[in-house]
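The next block holds one structure in the form of structure tokens; read it before the comments.
Read the figures in this text as sums done on the coordinates, not as results from a lab. Source: prediction; values computed, not measured.
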Amino acid sequence: MKKQINTRKKISFSTVITTCLIAGAFTLLYSFTPVPQGPAWTAPSSADNDKNPIAAEAGSIEAGKDVYKKKCFDCHGKKGKGDGPKSAELDKAPKDFTKADFQKQTDGALNWKISEGKKPMPAFKHELSKDQRWQVINYIRTLK
Ligand code: HEC
């Protein structure tokens, strides 16, 4: 009788260990699974006519970098790869700003997206001035 209880104890202990290992493996797997990207987001073609009035020179790029650090970095990450500290909480990943298929969009299209937003990406038309939006675009152009 005594022996049987001991055996039972052993089994349940190893079961606990196995369960922990399996749970751990899944947690690890999940943390390495990248957040999927949503369907392609396209700005209306009329936005392409909106030309950037602010020259992409050192001053405006610096100002844009400042905006980026405060308002965009959390999700889009230091280099615009979509890997900011908050990105893991998002239900879809932002596009990688360093890629050619992102950079081929016009400044007007980017301005439209930044202004309007698309959940979970916030709209910035009230939060940032027009100039700040063009400046942050000048900065994003340096990330390619
Ligand atoms: C809360 C997280 C978050 C913040 C903050 C944020 N974004 Fe985004 N952004 C996203 C997500 C998520 C997407 C993808 C949305 C989609 O495709 O549906 C996105 C998409 C974009 C796109 C369009 C990418 C494409 O598909 O062409 C641009 C441009 C952009 N963000 C710029 C910015 C700028 C500039 C800022 C700061 C002023 C900013 N974002 C702040 C999460 C964020």
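Quick one: Karplus J couplings for region 101-116, per residue in order, coefficients 6.51, -1.76, 1.60, θ = phi - 60°, nearest Hz, x for Gly and Pro?
6, 7, 5, 6, 5, 6, 4, x, 5, 5, 4, 5, 5, 5, 5, 7
So who's got an amide H within less than 5 Å of the one on Q37, skipping anything under 5 residues away but keeping other chains? H placed 1.01 Å off N, in plane.
A93
Can you work out the Karplus-derived ³J(HN,Hα) for every residue in region 67-76? Use 6.51 cos²θ - 1.76 cosθ + 1.60 with θ = phi - 60°, whole Hz, and x for glycine or proline.
4, 4, 4, 7, 10, 10, 3, 3, 9, 7
Determine ³J(HN,Hα), in whole Hz, for all residues of region 54-59 in sequence, where each value follows from phi through the Karplus function 6.51 cos²θ - 1.76 cosθ + 1.60 and θ = phi - 60°; x replaces Gly and Pro.
Using θ = phi - 60°, the values come out as 9, 4, 7, 9, 3, x Hz.
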